[in-house]
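Step one of this worksheet: look at the structure below.
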Protein chains: 2
Amino acid sequence: MKKANAVILGLIGILICSCQESKVESSEIASSEKSEMLFEKGHKVPNDKFVGNVYQAILSDEGTRVSNVTFEPNGRTNWHNHPGGQTLLVTDGVGYHQEEGKPVQIIKKGDVIKIGKNVKHWHGGTADQAMTHIAVSIDHEKNPSQWFEPVSEEEYKVK
Amino acid sequence: MKKANAVILGLIGILICSCQESKVESSEIASSEKSEMLFEKGHKVPNDKFVGNVYQAILSDEGTRVSNVTFEPNGRTNWHNHPGGQTLLVTDGVGYHQEEGKPVQIIKKGDVIKIGKNVKHWHGGTADQAMTHIAVSIDHEKNPSQWFEPVSEEEYKVK
């Protein structure tokens with residue numbers, strides 16, 4: 001083998017290597033896009049009950065309401081409760097949940113949060129991370145959520 | 001550069017390339033494991049109401065039951081109904097759903113299936129693919145599911 005051929009072999013090795021690197025990147029992007037789109041994102045909700053950018057799609061609403069909710073970073077609900085109770089299933093990202101009188105919990109993809117009847121609470125993304133959850137609001141038709149004041153900047157800061 | 005050095009450069013190029021290739025593989029495995037483990041898998045359910053290997057974890061059960069159900073290929077429910085209705089949210093894989101008197105539907109990750117009150121139906125994986133869904137069984141405490149006969153091999157075959 002000539003010296004020039006050996007150099008070409010080296011360059012081909014590096015070239016194949018670069019191609020595989022870009023494959024990894026596009027695979028990660030595709031996976032992230034797929035993850036965001038597990039269920040319908042829905043429409044931005046008005047800011048009378050929420051702070052920041054929050055999207056909701058109602059997936060079913062037959063007595064119990066099942067909705068898909070996405071909080072952009074800094075987006076959160078006002079304080080509220082559910083007379084029938086609620087279960088949150090986090091399908092993507094990282095966020096916060098707090099029940100009145102208790103510390104803020106960090107919640108993430110795969111977590112299941114059960115909220116008792118009439119427990120005042122709020123939930124949302126963190127200051128720099130989005131969070132998506134399915135919300136199962138039990139017996140929502142007969143006993144809809146009650147809404148209270150926004151979460152203050154002081155309450156939103158995790159101690 | 002000597003011929004020997006150039007050959008070494010070539011071999012280093014191929015070596016770096018092989019390392020990156022194995023990185024890609026482990027990243028894909030991690031992603032697949034993560035996907036399977038979005039919510040707790042639970043325990044294998046007995047075969048009095050199901051055919052094949054089916055796993056269930058009850059995530060919450062306050063009036064409305066929220067459960068995570070995984071059907072291995074060929075696994076399926078018997079025919080049954082829900083007096084309060086049910087919503088299925090497919091979080092992974094590909095499977096079948098059929099309401100009595102209607103054709104078999106192919107259902108996949110991201111699909112939401114609403115089943116009316118007392119509608120007789122069955123759901124499961126395909127013959128060669130697993131399927132995982134969250135099942136929201138509305139008002140399950142007061143009105144639990146009613147179970148009927150297994151899905152025959154003839155019914156299970158998609159026409």
Checklist entry - According to a simple spin-label model (label point 7 Å from Cα along Cα-to-Cβ), what is the distance in nm between B:I58 and A:A127? => result 4.2 nm
Item to check | Above-threshold pairs, the threshold being 21 Å between Cα atoms, out of A:K109/B:K44; A:K120/A:K157; A:K142/B:K41; A:K102/B:K142; B:K41/B:K117; B:K102/B:K157 | outcome: A:K109/B:K44; A:K142/B:K41; A:K102/B:K142; B:K41/B:K117
Checklist entry - Which distances, in nm and shortest first, link the A:G52 label point to the same label point in every other copy, taking 7 Å along Cα→Cβ? => result 4.2
Checklist entry - Under the Karplus relation 6.51 cos²θ - 1.76 cosθ + 1.60, θ = phi - 60°, what is the ordered set of whole-Hz ³J(HN,Hα) values for segment B:107-121, x standing for Gly and Pro? => result 10, 9, 2, x, 7, 10, 10, 9, 10, x, 4, 6, 7, 6, 8
Checklist entry - Could you give me the ³J(HN,Hα) list for segment B:51-58, computed from phi with Karplus coefficients 6.51, -1.76, 1.60 and θ = phi - 60°, whole Hz, x at Gly and Pro? => result 10, x, 9, 10, 10, 9, 10, 7
Item to check | Exam field: A:E100 pseudo-label spacings to other copies (7 Å along Cα-Cβ), nanometres | outcome: 4.7
Checklist outcome for this item: For A:F148 and A:K44, extending 7 Å from Cα along the Cα-Cβ vector and measuring point to point gives, in nm, a value of 2.8 nm
Next on the checklist: Testing the spin-label approximation: label points 7 Å from Cα along Cα→Cβ at A:V158 and A:N78. State their distance in nm.
Outcome noted: 2.6 nm
Next on the checklist: From the phi angles alone, apply the Karplus equation (6.51, -1.76, 1.60; θ = phi - 60°) to segment B:77-93 and give each ³J(HN,Hα) in whole Hz, x where the residue is Gly or Pro.
Outcome noted: 6, 6, 4, 7, 9, 10, x, x, x, 8, 10, 10, 10, 7, 9, 6, x
Next on the checklist: I need the trypsin sites (Lys or Arg not before Pro) found in segment B:46-155, filtered to DSSP loop residues with at most 11 other beta carbons within 10 Å of theirs.
Outcome noted: B:K142
Item to check | Shortest-first nm distances, A:F148 label point to equivalent points in other copies (7 Å, Cα→Cβ) | outcome: 4.8
Checklist entry - What is the set of long-range amide H partners of B:G84 at a cut-off below 5 Å, with H atoms built 1.01 Å from backbone N? => result B:N118
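Read-outs: derived from the displayed coordinates by stated rules, not from any lab. If you're wondering where the values come from, they're calculated on a predicted model, not measured in any experiment. We place every Cβ from the backbone using ideal geometry, glycine too, and count neighbours over all the protein chains shown.
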